[in-house]
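A short worksheet on the structure shown next.
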Amino acid sequence: MSYDTNNIFAKILRGEIPCNKVYENEFALAFHDIAPAAPTHILVIPKGHFVSFSDFVVNAPTPLQQGYFASIEKIAAQQKLSDYRLISNNGAGVGQTVHHFHMHILAGKPMSALLPN
Ligand code: AMP
């Protein structure tokens, strides 16, 4: 799949539509999910055109990959999250709806089962 520059996260990155921002640096932007699945539900997107985790890991420059993943840990620390779950849906077949790579940070309630029944 090629990157669609009109996807909703691309528009957020360009400042064309608002987000509830949590954190930003040269590598990443993080904001609250509009439909939270947990008391804390933050999305972290890289600053670049990558459709999925797979695309990002294969094609993003190493400094961007390192900076992006380090940002997730910084956000968790800033939010004082000791326990949290990271999820990335890699492809529409497993639920990816926005085709700009993102990680979900979920926290604030017990999460025992990896997948819902
Ligand atoms: P995924 O289904 O893994 O691609 O995740 C996409 C996520 O983006 C979903 O959890 C949506 O609730 C969230 N989302 C969609 N539009 C927005 C928006 N404008 N601001 C914040 N979160 C959004």
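Here is the figure for the stretch 14-37: residues that are touching a residue at least 40 places away in the same chain (Cβ under 8 Å) and open to solvent by 10 Å² or more (accessible area, probe 1.4 Å) total 7.
The numbered conditions (1) surrounded by fewer than 16 Cβ atoms within 10 Å (Cβ to Cβ); (2) not in a strand (DSSP E or B) are all true for Q96 except (1). Taken across the stretch 43-60, residues that are among the polar types (S, T, N, Q) and either open to solvent by 70 Å² or more (accessible area, probe 1.4 Å) or within 10 Å of the ligand (Cβ to nearest atom) (or both) do occur, with at least one present. Checked against (1) modelled with pLDDT of 95 or more; (2) more than 14 Å from the chain's Cα centre (by Cα); (3) away from the ligand (no atom under 12 Å from the Cβ), A92 passes all but condition (3). Within the stretch 57-100, being touching a strand residue (DSSP E or B) at 6+ places or on another chain (Cβ under 6 Å), hydrophobic (A, V, I, L, M, F, W, C) and in contact (Cβ under 8 Å) with a residue 40 or more places away in the chain holds for I72, I75, L81.
The values are calculated or read from the model by the stated rules, or taken from the named source; none is laboratory data. Predicted, not measured: the structure shown is a model, and the values here were computed from it. Ideal geometry is used to build each Cβ from the backbone, glycine not excepted, and the neighbour counts take in all protein chains shown. Side chains included, ligands, DNA and RNA excluded: accessible areas come from the protein's heavy atoms. Shrake-Rupley method; radii C 1.70, N 1.55, O 1.52, S 1.80 Å.
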